[in-house]
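**Q** The structure's right below; bear with me while I get my questions together.
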Amino acid sequence: MSVLELARPELLALKPYSSARLEAGRAQVMLNANESPEPAFEGDELALNRYPDPQPAALLEQLARAFGVAPAQIYVGRGSDEAIDLLTRAFCRAGQDAVLISPPTFGMYAVAAGVQGAAVVSVPLDAGRDFALDADAVIAAARANPVKLVYVCSPNNPTGGAVPRAVILRIVEALAGRCLVVVDEAYGEYADQPSLADALGSHPNLVVLRTLSKAFGLAGARVGVLLAAPEIIGLMRRIMAPYPLPTPSVAAALRAFAPDATAARVARIARTRAERARIAAALAALPGVRRVWPSDANFLVFRVDGAGAVWRRLADAGVLIRDVSHYLGLSDVLRVSIGLPEENDRFLAALADALRAAA
Ligand SMILES: *Cc1c(COP(=O)(O)O)cnc(C)c1O
């Protein structure tokens, strides 16, 4: 069977919008898109008076090289958030289908399901095993419910751990022909484990999400990447917004793949990983910190007594971290992103003060 048999049947029959830029690329005289023939201001080097290429070939080629796939296996859009939304709308029939999540996890999976009218089936992570994914329970719940999308966030936000590759592949294989397994690798660059992208060719129900928002340092440009079988990419392109990627974002993304930026990124990731180890050790040694979890991402989660009050004292001291204690199983847990060494030092000093004041 084709993996497209899992998609909403009415979408396969839908005639997609055909934008002017999709119908024809650039010509000498461009009078087909009702654009302004003149730029908005002097020195507009990006020709912002023109609509952008919906899926720019140069960017697809860079991403294909970076993630080890073919351009036909890539949809690039406005952040992973848009990819999650498109997947949900493409595969879940409102009032009938469901997505499966393993909380505590990234909130957008359930929000996108809610917007589409899809149910959410929850199989919690195992709090007794550092929030490990319960693969057998995921497979059983996906089979027992009308689940179309199974989300595996690896490394997981907000708990920080990666799911072993063999565990993910076991889920993908057990659910072949039944569900898409969406592996969100937003923090993949900070992990030891390689991407699942190399398994796409042999597993048509596997989808991998990547983003330029974290390790690439482009959160403001909003560029997210969906890697999947070419049929799924074709479906994404049929239902995407006419021009999902603003021209300045495409330019910034291409700039981030230049040799100097690539070298800087590699060094930045190494510094972040070293700082992660340093802060984890410092946290574990602080009186009042009850627990620090291992992290494969660019953040750490730790438990204190009275997390809400500790968060407030840090905020009052000008240090903003995230209170994640409302997530399932994360009572009194705080999440801190790894910053510059001096920012991390300020965080550790402010936390030590806050814990002393609370004691
Ligand atoms: C930050 C993050 C993303 C990235 O979202 P963008 O829309 O690409 O900025 C995706 N998934 C998870 C789990 C995240 O934490």
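**Q** Given the structure, is R237 within 16 Å of the ligand (Cβ to nearest atom) and either in a helix (DSSP H, G or I) or buried (at least 18 other Cβ atoms within 10 Å of the Cβ) (or both)? Outline the logic, then answer.
**A** Values: within 16 Å of the ligand (Cβ to nearest atom): no; either in a helix (DSSP H, G or I) or buried (at least 18 other Cβ atoms within 10 Å of the Cβ) (or both): yes.
No, not satisfied.
**Q** Moving to a separate point now. Report yes if some residue within the stretch 4-19 is buried (at least 16 other Cβ atoms within 10 Å of the Cβ), free of Cβ contacts under 8 Å to residues at least 40 places away in the same chain and not in a loop (DSSP other than H, G, I, E, B); otherwise report no.
**A** Looking for residues that are buried (at least 16 other Cβ atoms within 10 Å of the Cβ), free of Cβ contacts under 8 Å to residues at least 40 places away in the same chain and not in a loop (DSSP other than H, G, I, E, B), one finds none in the stretch 4-19, hence no.
**Q** Considering every residue within the stretch 213-220, establish whether at least one is more than 23 Å from P103 (Cα to Cα), surrounded by fewer than 22 Cβ atoms within 10 Å (Cβ to Cβ) and either among the hydroxyl-bearing types (S, T, Y) or modelled with pLDDT under 95 (or both).
**A** Within the stretch 213-220, none of the residues are more than 23 Å from P103 (Cα to Cα), surrounded by fewer than 22 Cβ atoms within 10 Å (Cβ to Cβ) and either among the hydroxyl-bearing types (S, T, Y) or modelled with pLDDT under 95 (or both).
**Q** I'm checking my understanding of the structure. Among residues of the stretch 134-165 that are among the β-branched types (V, I, T) and over 27 Å from R335 (Cβ atoms), which one is nearest to the ligand (Cβ to nearest atom)?
**A** That would be V147.
**Q** Taking the stretch 78-118 on its own, how many of its residues are more than 16 Å from the ligand (Cβ to nearest atom), without any contact (Cβ under 8 Å) to a residue 40 or more places away in the chain and either crowded, with 17+ Cβ neighbours inside 10 Å or within 22 Å of L206 (Cβ to Cβ) (or both)?
**A** Total meeting the criteria: 2.
**Q** Where in the stretch 252-359 are there helices (runs of 4 or more DSSP H), lying fully within it, with 2 or more residues that are modelled with pLDDT under 95 and surrounded by fewer than 19 Cβ atoms within 10 Å (Cβ to Cβ)?
**A** By residue number, 341-358.
**Q** Does the stretch 42-77 hold any residues that are within 16 Å of the ligand (Cβ to nearest atom) and not in a helix (DSSP H, G or I), and which are they?
**A** Taking the stretch 42-77 and keeping what is within 16 Å of the ligand (Cβ to nearest atom), we get 59, 63, 66-67, 74-77.
The answer is I74, Y75, V76, G77.
**Q** A follow-up question, please. Any idea which of S19, S2 is among the hydroxyl-bearing types (S, T, Y) and either touching a helix residue (DSSP H, G or I) at 6+ places or on another chain (Cβ under 9 Å) or modelled with pLDDT of 90 or more (or both)?
**A** Sole residue among the options that is among the hydroxyl-bearing types (S, T, Y) and either touching a helix residue (DSSP H, G or I) at 6+ places or on another chain (Cβ under 9 Å) or modelled with pLDDT of 90 or more (or both): S2.
**Q** From the list A267, A315, A307, which one is under 19 Å from D353 (Cβ atoms) and without any contact (Cβ under 8 Å) to a residue 24 or more places away in the chain? It would help to see each step written out before you state the result.
**A** Numbers: A267 fails: under 19 Å from D353 (Cβ atoms); A307 fails: without any contact (Cβ under 8 Å) to a residue 24 or more places away in the chain.
Result of the check over A267, A315, A307: A315.
**Q** Still on this structure: Which residue, of L314, L300, is among the hydrophobic types (A, V, I, L, M, F, W, C) and farther than 22 Å from T105 by Cβ?
**A** L314
**Q** Within the set of pairs 6+ apart or on separate chains, which have a first residue in the stretch 138-153 that is under 19 Å from Q116 (Cα atoms), a second that is within 16 Å of the ligand (Cβ to nearest atom) and among the aromatic types (F, W, Y), and C-beta atoms under 6 Å apart?
**A** Partner pairs satisfying both residue conditions: Y151/Y109.
The values are calculated or read from the model by the stated rules, or taken from the named source; none is laboratory data. Keep in mind that this is a model prediction, so the values were computed, not measured. FYI the Cβ positions are ideal-geometry reconstructions off the backbone, even for glycines, and counts take in every protein chain you see.
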